[in-house]
1. Answer rounded, prolate or oblate for the stretch 383-453, using the Cα gyration tensor with square roots of eigenvalues a ≥ b ≥ c: rounded when a/c is under 1.5, else prolate when a/b is larger than b/c, else oblate.
2. Which shape class applies to the stretch 366-413: rounded if a/c is under 1.5, otherwise prolate when a/b exceeds b/c and oblate if not, where a ≥ b ≥ c are the square roots of the Cα gyration tensor eigenvalues?
3. Cα centroid distance between the stretch 230-289 and the stretch 422-457, in Å?
4. Show me the GluC sites (Glu not before Pro) within the stretch 23-72 that DSSP assigns to loop and that have at most 11 other Cβ atoms within 10 Å of their Cβ.
5. Given H placed on each backbone N at 1.01 Å, which residues far from residue 167 in sequence or on other chains put an amide H within less than 5 Å of it?
6. In debye, nearest 20, what is the charge dipole magnitude of the stretch 314-419 about its Cα centre with +1 on Lys and Arg Cβ and -1 on Asp and Glu Cβ, if you could check?
7. When the dipole is taken about the Cα centre of the stretch 145-218, and only Lys, Arg (+1) and Asp, Glu (-1) are charged at their Cβ, what size is it in debye, to the nearest 20?
8. How large is ³J(HN,Hα), in whole Hz, for each residue of the stretch 611-619 in order, when computed from phi with the Karplus curve 6.51 cos²θ - 1.76 cosθ + 1.60 and θ = phi - 60°, using x for Gly and Pro?
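The values are calculated or read from the model by the stated rules, or taken from the named source; none is laboratory data. Keep in mind the model is a prediction, meaning the values are calculated, not measured. Please note: Cβ atoms are built from the backbone with ideal geometry, for glycine as well, and neighbour counts cover all protein chains shown. The accessibility values were calculated without ligands, DNA or RNA, using every heavy atom of the protein model including side chains. Shrake-Rupley method; radii C 1.70, N 1.55, O 1.52, S 1.80 Å.
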Amino acid sequence: MKKTKIALTILTAALLAGCSTTSESVRSAKSESELFEFSGNQSYVSAHNANPADAKNQAEGLKSEWWKESSFYHIWVKSFSDSDGDGCGDINGITQNLPYIQETLGCDGIWLSPIFDCAGKGTSASTNMHGYDTVDYYSLNKLFGSEADLDNLIAECHKRGMQLIFDFVPNHTSSEHPWFKDSQKGGQYRDWYMWSASKLSWTPMGNPNTWFENKGSYYYGAFGGGMPDLNYRNYEVREEMKNVVRYWLNRGFDGLRIDAAIYLVEEQGKYGNTAETHKWFKELRAELDKYESPKFMISETWIVNDRSSLDEYLGNGTEFHAVFDFDQGTPVIDSISRSKDSLASSIRANPASNQGYGTFLGNHDEYAGRFATTFGSDRKKINLATALSLLRPTIPFIYYGNEIGQKESSMGGDLRLRGPFLWDMAEEEKSQFNSTLNLNHTILSLRKKYPSIFTAGKVNKLASKLNSLVAYELSGSDGSILCVYNLSDSAVASASFTGVAQTSSLSLLMGDSEAPLPTFSGNSVTVQNLAPYAFRVYFLGKSGLQNLYDDEEFVSSEKYVAANDKSPVYIPAESMYLRGSMNGWGGTKMRRTVDKKTGDVIWMCNYTFDAAQNIEFKFCINDGPVWGANWGTATGANLSCSVDKGTYLFQFNETKQTNSVSRQ
């Protein structure tokens, strides 16, 4: 009876999806306004229909807002741990290393990079397989293992009291997805994507080249022609993508991170942060709320310096449970790099009891480089950044490798952020009391000891006459802590801060055991004997804990000098292409030359433009729909310039990582 019911559901879905006639399905919008009309069958049911009542492998005994007290480990699956020796990290490699994640590091949540089947797998594990080009939302990427391997990982996480969330990419599919291939031919999925009879100039990220030609029509792809946007004004798409989430939550996942959330539904003249986008996410949140085991949803809403737009995605508790706060990470690195407090407005607490901010110092994307590279492997600076990031009342996300001070790989572009995890380095870090790994473990344990301070705590930023000093109080029902930081390379004998709350006693939690305890006078506190790049944590009251971490030694008038650090080994490329797929270009092969005087490897090619325009481009080691190692600016972002009609010479000095564009 059950099999018959499933078969009927699938048959019904197929009939509903294919109900349009051929003449209707090949249509392209003749006017831009047509693109904003709703379409699709409102009775649509997915062929993979998933009902929350049928959920399996679920976590038991979770608090309704368990994520507030969690610390997440962000794993790039391809690079973390290879259990079978095929050169590609996998699911079993993660399962085998759960003790490292939970016990050695101290995280109880895991965020997996995209695990669905994707187009960019290539023929070997060395390709740039990022996974954001989905070809099947219901299948696991086989390079990562089997469906049974995934079920086992989920079960093992739950046995340990750990939670697992997956990376969901709802904005676009790969151009290799069967839906899009059918859409190109004018089939039943034609209206699952946006087609126009003319090329439009939509600028979701400031780039007007987002419409791509196919057999006389144009389709929309905010992230390039290889990843066409789904049409969320089609009811079938809205339901199908909600069903994808239900399908994986039913398998046992405890939540999801949503990629590129702001670009989901476009409005005329507005291509991000639209009302209809918020409406769909509220619909999705309602689906999560149907589960008996509480689920968690966090968004990648890359919004900078616009708190109101960011907080809108929380929906006052009806949309996302949490949003990534991109404003809280880079000021940490910037403050240490410049020995100057850039944190004045960026230490923000979770906004409400049922809403949170996800904070981090780096990830797989071009948000920031690995900070161990930025700081030249200087452990003092790395540990200071770690403390500044984790000692705040938000939800911490630690990108794999950052907890051991791993540097970037020698590859270009964002591939440098996705190198293999250095397990030998992790073993060394375990044995060193003052290692970055042990510091992460110590602070994550402290967060568990005082949950209210780090989940619902209030921030009181103190004032200092020296802009190289930072101090703030965090207060919750468990008590209050005082955090003090020296951002400079000079020792400070006495540091005074104003705006502090009074206390009758305090105790040292982290820092120099030999230093005198702070003294209070009115609304000011004075901390003595701060070493260069040192930090202290005090409990305002009696904590009952011994000093948890002491890696500080004060020497009067000391000037800190970092140890020399070797640069990454330079590995020359075998080929190079000028690529501007974000501008609708193909790849242009470059010719390799060697400067006779310097020995520098230089690549060059000519490119002719039909009209004056602003362009974006990169240099890439391969051609085709999948990016290989690529180079842009110093941070890996796209290069850009303005050109006139005519031929230009593009040159890329691979040795020095510099480039030039000149008119011929």
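1. Working: a/c = 2.84, a/b = 1.57, b/c = 1.81.
Because a/c hits 1.5 or more and a/b fails to exceed b/c, the stretch 383-453 counts as oblate.
2. On the way: a/c = 2.32, a/b = 1.46, b/c = 1.58.
Oblate, because a/c is 1.5 or more while a/b does not exceed b/c.
3. The distance from the Cα centre of the stretch 230-289 to that of the stretch 422-457 comes to 35 Å.
4. Numbers: sites: 24, 32, 34, 37, 60, 65, 69; in loops: 37, 60, 65.
Those satisfying the criteria are 37, 60.
5. Amide H neighbours of residue 167: 112, 115, 257.
6. On the way: 11 positive and 11 negative charges, 90 e Å.
Dipole size: approximately 440 debye.
7. Once rounded to the nearest 20, the dipole reads 340 debye.
8. Rounded to whole hertz, the list is 7, 5, 6, 8, 10, 10, 7, 9, 10.
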